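Peer 1: Structure below; questions to follow.
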C-alpha cells in the first residue's frame, strides 16, 4: 500500500512513473478515513486541497521536474503556520484562526515539492507529554489505543506510525518529538538549536523550541533535515552554518566511532524491558565496530527542575500575545484588562494555565533572581557537562523514555509525575544540542515500541544519522507495523 | 530560594488570567508540589557561573533595513475578533 512507503521508496516509484502522487495522496486519505476515527491523529484535514497539490506535483513530474519531496504527502503539527489553513495549537483561544502566511519550513517543503496537508493533534501549545491536553480530544497510540501516543507532538507520531502520511513535522521543546517517536515506534529528530528557522512556529519557550521530522526510517529523517535546515533572515537565532549533504553520511560504516553511556541515566524508574532493549542496542553498536565508554553528566538530576523554570518563564511571556485583541477568540469586558483576563481564562486549558502561573511567578519581582537567574546558571552547568562529554565521544546513547507508552489518564492527575517522564529528553534542549530517537525493540505484553536516544554535539546531526542508520540496517524493528 | 507558597490570585492578576475559585485552589496545591521539587536546585553552588539565556552564542544578528513585502491590511485584520473601519475594535480606554 502506497501510504506505507517511506519518502525514498515513494520518490523512487514516482520517478519511475510506476505510481502517481495523486494515488499516494489518496492512499493516505483512505487510511485516514479507515483508522483516524479510532486514532484521532488529525484535528482536521482538507482532502480536496491535498489532492490538488498532488495533481500539481504529477504535472511537474510529467514535465521532468526533480525535487527531493516532489509528490510526497507530509502532515503538519497544529503549531506551524501553513498559509490559508487553520492553526489552533490545539487550543480554544485561537478561535477560527487561519494562517495568513507560511512558516519558513513550510515554504521549504513546498519548494521541495511536498504535498503539505492536515493539522495534527498535540498538547495545547505543545505543553504536555501525552497529547491529553488538547482542546480537540485525545490522540490514541496506534499500537494500543488504551495508551497515549506521547506528546506534545502525539498526532505527528501517531499519524506516521498508523501510515496516515509518509512523514510529518513536529516541534520539540523538552522531548516533544523524541518521546512520542519512541512511544509510537518511529524515527524522531530534534535538530540543534538554530539549525532550522523557527519563523512561523508558534513560540512556547523560544530558547528551547526546534522543529523536526517524524519518519519511518533514518534516511527519510536525513532528507527532511536537509530540506528544512539553514539560516533565515526572519529568525535571528537560526545559525549561518553550512548545510551538509546528510544522506552522504549514511555510509553504514561506524567503525571506530565512540559512544558514551552516561551512568546517571540508570535511574530507579527505568523499566527493565527498556533497559534490556537499550543494553542490546549498545551491544549491537559494539558489534558494528563502535567503541562504547562510560561517561558522566553529573547535573542530570537537576534538568527537569531547571527546565520547568526556564520553559514556563518563557511561555508566560510568549503567551501574553493571546489577549483577544488582534486574532483568536474574545470574551468581552468592560475595559481592556477585564477583556484580556476573561478571554485568557476561557481560552486556555488547565496545563497552559498552570505553566503561565508558574512562569509568571518565577519572573515576578523578588523571585526572578532566586528562580529564573539561578536556573539559567544551572543550565550552564548542564550544557558544560555535555560539551565536556563530547570532547571524548561522538554521541551519547540513552533510553528515550524510562518506560514504554503509558495508559491514557494514568498520569494526567499528577503534573509532576508527567513532567518526570521527560527526564531523558529535557537536557538536550537546555544544552542546545541535537537528539534522535530510533526504534530499538518492543515490550512483550502488551507489545509496545521502545526508543533509543542518540545525543550529538551542536551541529553533529551527521554523526547521529550515521549511527542510527547503521543500527537500523542491522536490525528490523523499524519494519514492524502497528496493528500488524 | 523562596518558600514554596504562592499567592495564586496575585500572580493570576499579573498574568491577566481569570481563574475560578476552584482553579485557584487546585493550582495552589499543584504549584506547591512543583515548587517543592524545584527547591532541589538550591543544592547547587552557582557562584561565578555565567547564566545561559541562549545555547548558541550568536551576537548582533541584523539584516539590511530595506522595504520588503508584508501582510496586506486586509490579511492583517482577517483574524480579528472585532474590527471596523479598517481597525481592531477594543473597549474604550480613555473617557
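Peer 1: If you find the alpha carbon centre of region A:1-32 and of region B:39-65, how far apart are they in angstrom?
Peer 2: 46
Peer 1: What do you get for Rg/Rh of region A:75-196 when both radii come from the Cα atoms and Rh is the Kirkwood radius? Walk me through the numbers before you get to the answer.
Peer 2: Details: Rg = 13.4 Å, Rh = 14.2 Å.
With Rh from the inverse mean 1/r over Cα pairs, Rg/Rh is 0.95.
Peer 1: Next question. Taking 1 over the mean of 1/r across every pair of different Cα atoms in region B:21-87, what Kirkwood radius in Å do you get? Please report the intermediate quantities before stating the final value.
Peer 2: Details: mean 1/r = 0.0531 Å⁻¹.
In region B:21-87 this quantity evaluates to 18.8 Å.
Peer 1: Let me ask something else about it. So, how do all the Cα-to-Cα distances of region A:263-306 break down into 5 Å bins, in percent, from 0 on up?
Peer 2: Final binned percentages: 5, 17, 20, 23, 20, 10, 4, 1.
Peer 1: What does the highest-first list of A:163-171, A:216-224, A:177-185 look like by mean Cβ count within 10 Å?
Peer 2: Values: A:163-171: 28.9, A:216-224: 26.4, A:177-185: 34.6.
Ranked from most to least packed, the peptides come out as A:177-185, A:163-171, A:216-224.
Peer 1: Follow-up. Please state, to two decimals, what the Cα-based radius of gyration of the protein assembly as shown comes to when divided by 2.2 N^0.38 Å (N = residues).
Peer 2: Numbers: Rg = 23.0 Å, N = 579, 2.2 N^0.38 = 24.7 Å.
Taking the Cα Rg and dividing by 2.2 N^0.38 Å, one obtains 0.93.
Peer 1: How big is Rg to Rh over region A:166-237, alpha-carbon atoms, Rh as the Kirkwood inverse-mean-distance radius? All intermediate terms of the calculation are to be shown ahead of the outcome.
Peer 2: Values: Rg = 11.7 Å, Rh = 12.3 Å.
Reported Rg/Rh, Kirkwood definition of Rh: 0.95.
Peer 1: Within 10 Å of each Cβ in peptide B:24-36, how many partner chain Cβ atoms are there on average? Round it to a whole number, please.
Peer 2: On the way: counts 1, 0, 3, 5, 1, 0, 8, 5, 0, 3, 10, 7, 1.
Shielding by partners across B:24-36 averages 3.
Peer 1: Using per-residue counts of other Cβ atoms within 10 Å, averaged over each peptide, order A:388-396, B:38-46 from highest down. Walk me through the numbers on the way to the answer.
Peer 2: Numbers: A:388-396: 19.0, B:38-46: 14.6.
With the highest mean Cβ count within 10 Å placed first, the list reads A:388-396, B:38-46.
Peer 1: Shielding by partners for B:37-50, please: the mean number of other protein chain Cβ atoms within 10 Å of each residue's Cβ. Before the final figure, lay out each step's value.
Peer 2: Working: counts 6, 12, 1, 5, 10, 3, 2, 7, 2, 8, 1, 1, 8, 3.
Average per residue, whole number: 5.
Peer 1: Quick one: helix B:21-38 against the long Cα principal axis of chain B, what's the angle to the nearest 10°, folded into 0 to 90?
Peer 2: 60
Peer 1: Listed highest first by mean packing, meaning other Cβ atoms within 10 Å per residue, what order do A:272-281, A:322-331 come in? Working shown, then result.
Peer 2: Values: A:272-281: 17.3, A:322-331: 21.0.
Packing order, densest peptide first, comes out as A:322-331, A:272-281.
Peer 1: What are the extents of the Cα atoms of region A:343-484 along their three principal axes, in Å, largest first?
Peer 2: The Cα atoms of region A:343-484 stretch 55, 41, 24 Å along the principal axes, largest first.
Peer 1: Specify the inter-centroid distance of region A:75-107 and region A:406-434, based on alpha-carbon positions, in whole Å.
Peer 2: With region A:75-107 and region A:406-434 each reduced to a Cα centre, they are spaced 25 Å.
Peer 1: What is the calculated FRET efficiency for residue A:369 to residue B:65, with r their C-beta to C-beta distance and R₀ = 41 Å, to the nearest 0.05? Intermediate results must be reported in sequence, preceding the final value.
Peer 2: Details: r = 36 Å, r/R0 = 0.88.
The calculated FRET efficiency here is 0.70.
Peer 1: Across the residues of A:371-378, average count of Cβ atoms on other protein chains within 10 Å?
Peer 2: Details: counts 5, 2, 3, 8, 5, 7, 10, 6.
The shielding value for this peptide is 6.
Peer 1: Could you tell me the center-to-center distance, by alpha carbons, between region A:259-333 and region A:127-191 in angstrom?
Peer 2: If you average the Cα positions of each part, the centres end up 15 Å apart.
Peer 1: Could you please rank A:143, A:477, placing first whichever residue has the fewest other Cβ atoms within 10 Å of its Cβ?
Peer 2: On the way: A:143 25, A:477 19.
Ascending Cβ contact count within 10 Å gives the list A:477, A:143.
Each value in this text was obtained by applying a stated rule to the coordinates, not by laboratory testing. Everything numeric here is computed off the predicted structure, so don't read it as measured data. Backbone-built Cβ (ideal geometry, glycine too); neighbour counts: all protein chains shown.
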